[in-house]
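**Student:** Here it is: the structure, laid out below.
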Amino acid sequence: MTIVKQEKIVLLEGQLQKEEEATLIEQTMGEISDKFRGIELAVIYPEKNNMDVLKRLRFDIARLLVGNRQGFTIVGPASIVKRIKQNPGSIELLTQEKRRRK
């Protein structure tokens, strides 16, 4: 959260657990102010439905061995992340230049 409050976009390998995501959102809601508008969050991960049986088996074995590292998570400050558009195999991240206060 500290990095995002410094107006940086964070790219994490894998996806957050549901509890981690809920905690992040809860903490963010408590810190919203004029200076910090909140976060944008997106997760992309491979769809097992489009895999053949052998690929699905490898995917499940890898997940058991190294944890849920498939896909990735993007977390960024709402002040500069304009839009995150998700497609099944990609994410389009549009940012905007932050306006400086005088």
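**Student:** Yes or no: ALA22 on the phi < 0 side of the Ramachandran plot, at pLDDT below 80 and in a helix (DSSP H, G or I)?
**Tutor:** Criteria not met by ALA22.
**Student:** Give the stretch 74-93 a look and list any residue that's out of contact with any Lys or Arg (no Cβ under 6 Å at 6 or more places or on another chain) and at pLDDT below 85, or say none.
**Tutor:** LYS82, ARG83, ILE84, LYS85, GLN86, ASN87, PRO88, GLY89, SER90, ILE91, LEU93
**Student:** Here's another thing I want to ask about it. Give the residue, chosen from LEU16, LEU54, that is assigned to a loop (DSSP other than H, G, I, E, B) and farther than 25 Å from GLU97 by Cα.
**Tutor:** LEU16
**Student:** Return the total of residues in the stretch 21-46 being loosely packed, with under 12 Cβ neighbours inside 10 Å and acidic (Asp, Glu).
**Tutor:** Residues meeting the conditions: 2.
The values are calculated or read from the model by the stated rules, or taken from the named source; none is laboratory data. Bear in mind the structure is a predicted one, so any value in this text is a computation, not a measurement. Cβ atoms come from the backbone with ideal geometry, glycine included; neighbour counts cover every protein chain shown.
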